[in-house]
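Report on the following structure.
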Amino acid sequence: MKLKIGELAKRAGLTVRALHHYDKIGLLSPTVRADNTYRLYDQDDVLRLYRIQALRRLQLSLDEIRTILDDQNVSMSDLIRQQISLMEKQAHNALTLRDHLLHLSGRLAGQQLPVVDDWLTALEMTVNSEKYFTSAELQALRRQPKKVDATDKSALILALHDLMEKQVSPQDAMAQSLSQRWLQCMQDESGGDAAILIKFYQMQSEETALQLFSGLDQATLDYMVRALACASLPVYAAYCKPDEMEILRQHCLTDSAAWPPLIAALHLECVAGTRVNNPKVQKLATAWQSLSLKKAGARVSLQKKIQQAFAEQAELRMGIDNRLFAYIQSALRNLSASQTSLAVTR
């Protein structure tokens, strides 16, 4: 894998100017020459950039980093352990960073040297994961046995990209199979925790740099959500007539990608302990009700059947654990009561 300076800057979240500066001061220089016109960064260069970024998080100057990287006697694991010792004397934010450094230290101590994309993804995860996961959740994730190989996940993403480029419908059996395999990977990594699963989706959806590193962009996420929705259609067959099933099938193709961000927003309010009669939650409940009615083709009778299936069939509630399910139901009941009261006063 060889990258031009602009490609590396984009994927690493840096500016081209910063990489030029690194080259000028002898901290990081591209080593592969192409056609005598420009130089490319190879895997060793990207690994060195990863180490530079990791050391920058230790509040070291560029001169100090260059000295460390050029001294073969300096151990990255030792540096991280020293920083951990320092962080233990500081406030909560520093302790959160310490947890990430421990994770990276373990990988380095085990001499696990993944491919370039894995290093970049690990860097991005380190920087952003505390925005989405609590310390307890991060600890739980790190204790999960590694059931999924990164190469397998990359192959799944590439296969999905190929289907999208060929304009294969999410209704296609292969699209559904690949998406279900991806969902199983994420369930394995989350330990079957629906709350963590929706946080994974939220982080992947919101962090552009992580999308660039992994290849899993918003368009691919939406494609998988549509395919998963199509795959779940047979569950509704016991509740709906053939013409109603056709309405649901159309919704899978047009509107199903709107559900995950709405679920994620409600999850945030649930975790925060926001009361269901709070205007913010009621606004989300209104959006839920509107999307549910749209899913039913504006048929109230079909909407009720969808709600019954949703309540009775747990496999339809991907990313929704029992706590969030109860919270959503309570918010919807509160919304219905408010609408009834408003109608009476009129």
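Once you've got the Cα coordinates, tell me which of Lys241/Lys295; Lys199/Lys280; Lys2/Lys166 are over 18 Å apart. From the list (Lys241/Lys295; Lys199/Lys280; Lys2/Lys166), the Cα-Cα distance tops 18 Å for Lys199/Lys280; Lys2/Lys166.
What the pair-distance distribution of region 262-329 shows, using all Cα-Cα distances binned every 5 Å from zero, is 4, 17, 26, 25, 20, 9, 1 percent.
The residues neighbouring Ala257, those whose beta-carbon lies less than 12 Å from its own, together hold a net charge of -1 under the Lys/Arg +1, Asp/Glu -1 convention.
Computed on region 180-238, the Cα convex hull volume stands at 89 Å³ per residue.
Each Cα pair under 8 Å and six or more residues apart adds its sequence gap; the mean of these over the residue count of region 206-346 is a relative contact order of 27 percent. The amide H of Val32, built 1.01 Å from its N in the peptide plane, has Leu40, Asp42 as neighbours under 5 Å, considering only residues 5 or more places off or on other chains. Between the beta carbons of Gln250 and Gln184, assuming R0 = 25 Å, the FRET efficiency works out to 0.40 to the nearest 0.05.
Entry for region 162-296 at q = 0.09 Å⁻¹: log10 I(q)/I(0) = -0.30, Debye formula applied to identical alpha-carbon scatterers, no solvent contribution. For Gln218, the shell of other residues with beta-carbons less than 15 Å away shows a net charge of -3, using +1 for Lys and Arg and -1 for Asp and Glu. Between Ser290 and Asp162, the simple spin-label model (points 7 angstrom out along Cα→Cβ) gives 4.1 nm.
When Tyr38, Tyr201, Tyr50 are compared by accessible area at a 1.4 angstrom probe, the order from most to least is Tyr38, Tyr201, Tyr50.
Electrostatic bookkeeping for His20 treats Lys and Arg as +1 and Asp and Glu as -1; over the other residues with beta carbon under 15 Å from its beta carbon, the sum is +2.
The values are calculated or read from the model by the stated rules, or taken from the named source; none is laboratory data. Source: prediction; values computed, not measured. Please note: Cβ atoms are built from the backbone with ideal geometry, for glycine as well, and neighbour counts cover all protein chains shown. All accessible areas refer to the heavy atoms of the entire protein, side chains included, with ligands and DNA or RNA removed. Shrake-Rupley method; radii C 1.70, N 1.55, O 1.52, S 1.80 Å.
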